[in-house]
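The values are calculated or read from the model by the stated rules, or taken from the named source; none is laboratory data. Because the structure is predicted, anything quoted here is derived from the model rather than measured. Note that each Cβ is placed from the backbone with ideal geometry, even for glycine, and that neighbours are counted across all protein chains shown.
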Amino acid sequence: MELNILKANIEVNGKKYTLQHPGNREWIRLKKTLYKLSDDSISMEEILDYFFENCLFPEQGEKITLDTVPLRELEEVWSIVAPKFLGGNLEAGYKYPATKGR
């Protein structure tokens, strides 16, 4: 049985990252856990901790964490990218800030 694992390359503030989806089964398990922790809504703290640790890999430099990411980048990028990517809805080639004409 072959798994269809989603990968994406993105660029945020000039830094390049590879995103690796944990797979459908793991995403379902994660959502189940997140909903239990936060009373029927997804906990952004938990989802971002999971995403930074298991799905986001920098091309260069150290991994980012919820505690080390700049607040503006957290609000404008990662709190949007993480749920979209894990749900299979991230636009290919995502770049922040977007280049003109896009």
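Out of D67, D49, I need the residue that is in a loop (DSSP other than H, G, I, E, B) and more than 15 Å from L19 (Cβ to Cβ). Which one? Reasoning before the result, please.
Numbers: D49 fails: in a loop (DSSP other than H, G, I, E, B).
D67 is the lone residue from the list that is in a loop (DSSP other than H, G, I, E, B) and more than 15 Å from L19 (Cβ to Cβ).
Got a number for residues in segment 31-46 being among the small types (G, A, S) and in a helix (DSSP H, G or I)? Full working, then the answer.
From segment 31-46, those among the small types (G, A, S) are 38, 41, 43; that's our starting set.
When the remaining residues are screened for being in a helix (DSSP H, G or I), the result is 38.
Here the count works out to 1.
Look at segment 54-86 and say how many of its residues are surrounded by 11 or more Cβ atoms within 10 Å (Cβ to Cβ) and without any contact (Cβ under 8 Å) to a residue 12 or more places away in the chain.
Total satisfying the criteria: 5.
Tell me, yes or no, whether segment 32-43 has at least one residue that is at pLDDT 90 or above, surrounded by 15 or more Cβ atoms within 10 Å (Cβ to Cβ) and either among the aliphatic types (A, V, I, L, M) or more than 13 Å from the chain's Cα centre (by Cα) (or both).
Here is the first cut: in segment 32-43, the residues at pLDDT 90 or above are none.
No - not one qualifying residue is present in segment 32-43.
I'd like the full set of residues that are assigned to a loop (DSSP other than H, G, I, E, B) and either at pLDDT 95 or above or more than 15 Å from L56 (Cβ to Cβ) (or both), limited to segment 14-30.
We begin by selecting, within segment 14-30, every residue assigned to a loop (DSSP other than H, G, I, E, B); these are 14, 21-23.
Those that are assigned to a loop (DSSP other than H, G, I, E, B) and either at pLDDT 95 or above or more than 15 Å from L56 (Cβ to Cβ) (or both): G14, G23.
For segment 70-102: of the residues being charged (D, E, K, R) and assigned to a helix (DSSP H, G or I), which is modelled with the lowest pLDDT?
First, pick out the residues of segment 70-102 that are charged (D, E, K, R): 72-73, 75-76, 84, 91, 95, 100, 102.
Applying the additional criterion that residues be assigned to a helix (DSSP H, G or I) yields 72-73, 75-76, 84.
Values: R72: 95, E73: 95, E75: 94, E76: 94, K84: 89.
Per the stated criteria, the residue is K84.
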